[in-house]
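A.B. asks: I am attaching a structure below and will ask some questions about it afterwards.
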Amino acid sequence: FKTCPGRVLCKLPCSGEKEVDLAVQSAKAAFKIWSQMSGMERCRVMLEAARIIREQREEIATMEVINNGKSIFEARVDIDISWQCLEYYAGLAGSLAGEHIQLPGGSFGYTRREPLGVCVGIGAWNYPFQIACWKSGPALACGNAMVFKPSPFTPISVVRLAEIFTEAGVPKGLFNVVQGGAATGQFLCQHPDVAKISFTGSVPTGMKIMEMAAKGIKPVTLELGGKSPLIIFSDADLENAVKGALMANFLTQGEVCCNGTRVFVERKILDTFTKEVVKRTQKIKIGDPLLEDTRMGALINQPHLSRVQGFIKQAKEQGAEVLCGGDLYVPDDPKLKNGYYMRPCVLGNCKDDMTCVKEEIFGPVMAILPFDTEEEVVERANATKFGLAGGVFTRDIQKAHRVVAALKAGMCFINNYNVSPVELPFGGYKCSGFGRENGRAAIEYYSQLKTVCVEMGDVESVF
């Protein structure tokens, strides 16, 4: 692989209604085999898939860089989280069970945890391989099959995941990949043999998927956008808070749904914090994402780069001050001249009613807002239609727990940010979606309970 910014990597045919049906029928046939295997049998296959990913970490990470544009440093972390996810759910596969309930007169009841069937996964372009593992891990552990549609902007690495599952020994067709855009997604959501849909992406698309799923009474997991608050109190460790703010805004070129892009800073330390954040932001190494010292690669494509630039232009028109960055970046290397690069941006003099503070930019743009009291900042932090994440930096642990308890967000961080262990549930409140990925919680969204009531005596009849 070589970095090829702005060039065509490959061409893939979009899957139409016929191809989607073939994929679903293939998955349906594989489901009959996989669902009848014991949890321990599924565990062994999933552990083998995790082993292959771990063994091919560098190759897959490089593929992801080409696929997405993020730095190789970050891509390696994504791949590590991916194999850890499969290992985690492999470990749970053998322990999935119902419960026994004793009833009067020697009768009893029990519950069975059963798979749903063919599940659809629809991924986003910011974490293509990792999202596919986050969705397929719990789905396969519970005994389901999956048809996965990656974003048309990042179609490549998920195909490798399908090959790895096959190499590991899953039944043929258990994890199928279809390619395409909105039309392909619509065929998947409306297919009568699809039992569940899990989507990661934008709020408008999530709404459409929910509408389509409703017509078939299909359960849905939606992991949507965010405009998350990061609250920096004056008693925070300043060095740690600055590093946290950078992590909360500039990972994957800022193209992260749970980023803490509204950075609320207690007024006492506003100037000191802002000065240090700007200094650190200006030092971020931009360029060839395959180089070891690069920390920020290219944005996903030209339309998205233009969209992010439009937000910055509008922010200036509404009175925000560009403290650093925000302009296009042209690397010295001539082979990168067509890349979609920009300098990470820090905005000062921001107000809560500005578009750059209210709307998700999904790019490397941080908005800094001063606050005076805890009560005030909590109210402002919650004044959004989103509710994906939130962060608090303070040395006062009681205050930290008090504030995160008051935040209306599904994923909260104390003295860190953008840490996503597979053991912990991930998902949002409000327009950021519902359902959870990762942790034991995801099992609930990829399985269903059957209740069985056993009578040991004569039937009591009212007739």
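A.B. asks: Residues ALA383, ALA367: which one is in the same structural domain as LEU238 (by the TED database), loosely packed, with under 15 Cβ neighbours inside 10 Å and closer than 27 Å to LEU224 by Cβ?
C.D. replies: Values: ALA367 fails: loosely packed, with under 15 Cβ neighbours inside 10 Å.
The unique qualifying residue is ALA383.
A.B. asks: Still on this structure, please answer the following. When the stretch 326-337 is examined, which residues are found to be open to solvent by 30 Å² or more (accessible area, probe 1.4 Å) and under 30 Å from VAL265 (Cβ atoms)?
C.D. replies: We begin by selecting, within the stretch 326-337, every residue open to solvent by 30 Å² or more (accessible area, probe 1.4 Å); these are 327-330, 332-335, 337.
Listed by number, the residues that qualify are ASP327, LEU328, TYR329.
A.B. asks: So, ALA213, is that one in contact (Cβ under 8 Å) with a residue 24 or more places away in the chain, open to solvent by less than 10 Å² (accessible area, probe 1.4 Å), not aromatic (Phe, Trp, Tyr) and not assigned by the TED database to the domain that holds GLY123 or not? Walk me through it before giving the result.
C.D. replies: Working: in contact (Cβ under 8 Å) with a residue 24 or more places away in the chain: yes; open to solvent by less than 10 Å² (accessible area, probe 1.4 Å): yes; not aromatic (Phe, Trp, Tyr): yes; not assigned by the TED database to the domain that holds GLY123: no.
So ALA213 fails the test.
A.B. asks: Assess whether MET207 counts as being open to solvent by 60 Å² or more (accessible area, probe 1.4 Å), of a type in the set (A, V, I, L, M, F, W, C), free of Cβ contacts under 8 Å to residues at least 40 places away in the same chain and under 24 Å from PHE386 (Cβ atoms). Write out each step before concluding.
C.D. replies: On the way: open to solvent by 60 Å² or more (accessible area, probe 1.4 Å): yes; of a type in the set (A, V, I, L, M, F, W, C): yes; free of Cβ contacts under 8 Å to residues at least 40 places away in the same chain: yes; under 24 Å from PHE386 (Cβ atoms): yes.
In short, yes.
A.B. asks: While we're looking at this one, here's another question. Name, by its number, the condition in (1) of a type in the set (A, V, I, L, M); (2) closer than 15 Å to ILE231 by Cβ; (3) open to solvent by 80 Å² or more (accessible area, probe 1.4 Å) that does not hold for LEU424.
C.D. replies: Status for LEU424: all satisfied but (2).
A.B. asks: Something else: Looking only at residues in the stretch 386-406 that are touching a residue at least 60 places away in the same chain (Cβ under 8 Å) and of a type in the set (D, E, K, R), which one is surrounded by the most Cβ atoms within 10 Å (Cβ to Cβ)?
C.D. replies: Step by step, filter the stretch 386-406, then rank; the result is LYS399.
A.B. asks: Moving to a separate point now. If ARG267 satisfies all but one of (1) out of contact with any Phe, Trp or Tyr (no Cβ under 9 Å at 6 or more places or on another chain); (2) open to solvent by 30 Å² or more (accessible area, probe 1.4 Å), what's the number of the condition it fails?
C.D. replies: (1)
A.B. asks: Can you tell me which residue within the stretch 84-142, out of those that are among the aliphatic types (A, V, I, L, M) and part of a strand (DSSP E or B), is nearest to the chain's Cα centre (by Cα)? Spell out how you get there, then give the answer.
C.D. replies: First pass over the stretch 84-142, keeping only residues among the aliphatic types (A, V, I, L, M): 86, 90, 92-93, 96-97, 101, 103, 116, 118, 120, 122, 124, 131-132, 139-141.
Narrowing the set further to residues that are part of a strand (DSSP E or B) leaves 101, 118, 120, 122.
Working: ILE101: 37, VAL118: 21, VAL120: 16, ILE122: 11 Å.
Filtering first and then ranking leaves ILE122.
A.B. asks: Quick one: in the stretch 338-349, of everything that is touching a residue at least 40 places away in the same chain (Cβ under 8 Å) and more than 26 Å from the chain's Cα centre (by Cα), which residue is surrounded by the fewest Cβ atoms within 10 Å (Cβ to Cβ)?
C.D. replies: Only one residue tops the list, namely ASN338.
A.B. asks: Same structure, new question: If you take the residues of the stretch 271-292 that are open to solvent by 50 Å² or more (accessible area, probe 1.4 Å) and assigned to a loop (DSSP other than H, G, I, E, B), which of them is farthest from LEU336 (Cα to Cα)?
C.D. replies: To start, the set of residues in the stretch 271-292 that are open to solvent by 50 Å² or more (accessible area, probe 1.4 Å) comprises 271-272, 275, 279-280, 282-283, 285, 291-292.
Now restrict to residues that are assigned to a loop (DSSP other than H, G, I, E, B): 283, 285, 291-292.
Values: LYS283: 20, LYS285: 14, LEU291: 12, GLU292: 16 Å.
Applying the filter and picking the extreme gives LYS283.
A.B. asks: Taking the stretch 407-421 only, how many residues are modelled with pLDDT of 95 or more, hydrophobic (A, V, I, L, M, F, W, C) and open to solvent by 40 Å² or more (accessible area, probe 1.4 Å)?
C.D. replies: 2
A.B. asks: Okay, next question. Scan PHE311, PHE362 and give me the residue that is open to solvent by 10 Å² or more (accessible area, probe 1.4 Å), in contact (Cβ under 8 Å) with a residue 12 or more places away in the chain, of a type in the set (Phe, Trp, Tyr) and not in a loop (DSSP other than H, G, I, E, B).
C.D. replies: Working: PHE362 fails: not in a loop (DSSP other than H, G, I, E, B).
The unique qualifying residue is PHE311.
A.B. asks: Can you name every residue in the stretch 203-254 that is under 30 Å from GLU376 (Cα atoms) and among the hydroxyl-bearing types (Ser, Thr, Tyr)?
C.D. replies: SER228, SER234, listed by residue number.
The values are calculated or read from the model by the stated rules, or taken from the named source; none is laboratory data. As the structure is a computational prediction, the values presented were derived from the model and not from experiment. Every residue, glycine as well, gets a Cβ built from its backbone with ideal geometry; the counts of neighbours run over all protein chains shown. Accessible surface is based on the protein model in full, side chains and every heavy atom, while ligands, DNA and RNA are left aside. Shrake-Rupley method; radii C 1.70, N 1.55, O 1.52, S 1.80 Å.
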